[in-house]
Structure formats: C-alpha cells, structure tokens
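Just below is one structure, and these are the notes that go with it.
The values are calculated or read from the model by the stated rules, or taken from the named source; none is laboratory data. All values derive from a computational prediction rather than experimental measurement. Here the Cβ positions follow ideal geometry from the backbone for every residue, glycine too, while neighbour counts run over all protein chains shown.
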Amino acid sequence: MSNQLTSIFKLTGIASLVLFVGATARPITAASYATAFNKPLAIPAVLPTAPVTIPTAIPAASLELLHDAPTTITTAIPAARHYRTIRMEVTAYCPCTKCCGENAQGITASGHDISYNNSQFVAADTDHLPFGTKLLIPGYGGGAVEVIDRGGAIKGHKLDVFFPTHEEALQWGRQWVDVTVVE
C-alpha cells in the first residue's frame with residue numbers, strides 16, 4: 001500500500017510540474033530552437049502519433065525550484081493529418097484574357113485577389129475539392145497550396161495551377177501529376 005501511495009504522489013508531482021511548466025512556457029519555434037541548440041529543428045513531413053521528446057532549455061532562475069526536473073519534456077503531438085494522393089491532369093493558367101476570358105478582373109471564384117498566398121493557388125472542381133482544400137503539388141508552390149478558384153472546364157481529376165505571367169504558365173504547360181490532398 002505504501003509503495004502505491006508513493007507512486008501516486010510521484011505521479012501527482014510530475015503532473016503538477018507538467019501543468020505548471022505547460023501553463024507558463026512559451027511555444028518552441030524553429031527559430032528559437034535553432035538559437036538555443038545551434039542546429040535547425042527537423043520537422044518530419046508526416047508527424048508521428050507517438051509522444052516525441054523535444055529538448056527544452058530550462059532558465060537558470062528556475063533551476064533552484066526544478067533541480068529534480070528532467071532536461072527534456074515529453075510532449076504528445078496530435079495525430080498526423082490524413083493524406084491521400086490522386087493522379088491529376090494539372091494545367092497552368094495566368095490572369096490574362098487568353099487564360100481567364102475577356103471579363104477577368106483579378107478576383108478568384110472564392111473572392112480572393114490573385115495576389116493571395118503570393119499568387120500560389122489552384123483552381124479545381126469544387127464538387128471534388130472544395131474551396132479551402134490544401135494540396136501538395138510536386139514542382140509547384142514549395143508547400144501546400146489552397147483551392148480558391150474554379151473553372152468551367154475543370155471537372156473531375158483536373159486541376160489548374162496559377163502563375164502570375166503567361167510565360168510561366170506556358171513553361172508549366174499541362175502535366176499528369178500525383179497530387180497529395182491534405183485532410
């Protein structure tokens with residue numbers, strides 16, 4: 001019985017410490033991690049669902065109170081997002097009248113200006129990929145881009161990627177690409 005009580009008191013103390021530190025600690029950013037540990041923070045493309053140990057600097061002023069505290073804090077990272085890959089015909093377009101028609105005014109179907117997200121966005125069949133869907137398209141955007149436009153010829157597994165100039169759009173042309181949907 002006394003061993004069980006000792007274990008319960010230890011767990012309660014650790015839980016209190018975690019709550020205290022969690023309530024007062026600032027979030028770790030990639031920049032603050034790099035500054036504190038003199039190396040970049042490696043973030044995996046797909047986040048694991050198991051707890052991850054993140055090294056954390058403990059302020060010198062807190063060492064007296066936290067002398068028994070570990071130098072690392074174990075944090076459970078939420079489950080990774082779901083990804084699915086779709087083979088799609090991806091065509092480039094730009095804001096010119098040849099690509100968007102005579103009435104083009106630089107506003108997407110969702111109401112965003114074409115400068116949104118540094119002019120990196122896509123048009124899709126919103127019955128399949130609604131506005132706001134995040135996509136990873138190899139060779140375009142350098143990260144996840146959002147569906148904020150649609151077009152009459154974009155049906156099913158077709159997608160249009162936006163480029164600021166007609167020359168850039170012609171350079172991309174039309175390609176079959178494995179597009180990753182981030183859900």
Original post:
Of the residues that make up the range 95-107, is at least one in a loop (DSSP other than H, G, I, E, B), touching a residue at least 12 places away in the same chain (Cβ under 8 Å) and touching a strand residue (DSSP E or B) at 6+ places or on another chain (Cβ under 7 Å)?
Top reply: no
Original post:
Across the range 149-181, what is the number of residues that are surrounded by fewer than 18 Cβ atoms within 10 Å (Cβ to Cβ), basic (Lys, Arg) and either part of a loop (DSSP other than H, G, I, E, B) or in contact with a Cys (Cβ under 7 Å, 6 or more places away or on another chain) (or both)?
Top reply: 1
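Go through the range 144-178 residue by residue and tally those that are acidic (Asp, Glu) and touching a Phe, Trp or Tyr at 6+ places or on another chain (Cβ under 6 Å).
2
Results for (1) under 27 Å from Val182 (Cα atoms); (2) in contact with a helix residue (DSSP H, G or I) (Cβ under 9 Å, 6 or more places away or on another chain); (3) at pLDDT 50 or above; (4) in the same structural domain as Arg150 (by TED's automatic domain parsing), shown as yes or no for each residue.
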| site | (1), (2), (3), (4) |
| --- | --- |
| Thr49 | yes, no, no, no |
| Ile54 | yes, yes, no, no |
| Leu63 | no, no, no, no |
| Cys94 | yes, yes, yes, yes |
| Glu102 | no, no, yes, yes |
| Phe121 | yes, no, yes, yes |
| Leu129 | yes, no, yes, yes |
